[in-house]
Every structure is written in C-alpha cells, then in structure tokens.
Amino acid sequence: MSTLQENFLDPSRITADLTDRLKAFSASGIDVEAIMAGQRKNIEALAAASRTAMESLNAVGKRQAEILQETMSHTVHSMETLGKASSPMDLAAKQAELAKEGFERALENMRELAEMVTKAQHTTMDAIGHRVSESLGEFKQTASKTNPPSAPKTKRVEGTGHASS
C-alpha cells in the first residue's frame, strides 16, 4: 500500500485532528470524549471498509489478468485445432464448437467476477451498516446523558396570548 493510502486510511491521524477541533468547541454539558470515541470508531470502520474494498479490487484485477492469460492460451489452442481441420465441413464444425466453448467460458468468467464484486460490496456495506447502527445507539446514549442548555425563560403578556423575553 502506498504512503498516501496509508496516511489517508490512518484513523489515528484523522481522529487526533478532529479531537483538537472539537475541544475548541467544547461547551458545557457536551461529552467531547464520548463524541470522539464514537467518531474514532466511525473513522476506523470506514478505514477498514476502504481497505476491504481495495483488497477486493486487487483480487478482481488479479482474476481478470488470470482470465486474460487463460483466454490467450485458449486462443492459441483454438488456432492449432482449426489448423488441423481436414475439410471445410470439419473446419466449420470445429469453429462452431470453439465459439460455443468460448461463449460459455466468457459467461462463466463474467459470473465469477460479478460474484466477487457483489461479495465485496456486501462485506463492506454490512460492516458500515453495523457501525451506523452502533453509532446511532451511542448517540442516543450520549444525548440522554447530555445536559441541555437552559432555555431562555419567557413570561406571558396578559391578554395577548404571546410570550415575551
């Protein structure tokens, strides 16, 4: 993994910067540490999902290269087979057979690659979805512990039905 990717996917660097910024906005009744703990987990989950996506992308790329090698090898074999045809009818029959095999192999390869991508997407989205659920639960707990700032007191002005400060 490149240095840029490592720095980009380093949750500790991101959370340290975010912590410093949030401390500047620290207000009474807000648990900055609880918020930061949740955000740290969010960033770690996103970094892990990004790493999983990159690993999956690399696996798909590797498989595509393997498929290309297999296809080139099959093409060479096909040319040899066609060169051994004894008559035009035999050549046509071999061409049809090779075309059918090639088409079936191409569909199989497309299906395999689609399954690889789908599995990677599910894995990544499941991890993110799990973290979102956890984060919402943490937010609910933090919000229930937070002391809301007192609202300005208002008094009713008699006879008008309106409040004044």
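Some values worked out for this structure:
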| item | result |
| --- | --- |
| At 1.002 mPa s and 20 °C, Stokes diffusion of the stretch 3-145 via Kirkwood alpha-carbon radius, µm² per second | 108 |
| Thr123-Glu44 pseudo-label distance in nm [points 7 Å out on the Cα-to-Cβ vector] | 2.0 |
| In sequence order, calculated HN-Hα J values of the stretch 69-83 (Karplus, 6.51, -1.76, 1.60; Hz; x Gly/Pro) | 4, 4, 5, 5, 5, 5, 5, 4, 4, 4, 5, 5, 5, 5, x |
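Just so you know, all these numbers are worked out from the coordinates, no wet-lab data involved. Remember, it's a predicted structure, so these values are computed and weren't measured experimentally. Heads up, the Cβs are rebuilt from the backbone with ideal geometry, glycines too, and the neighbour counts pull from every protein chain shown.
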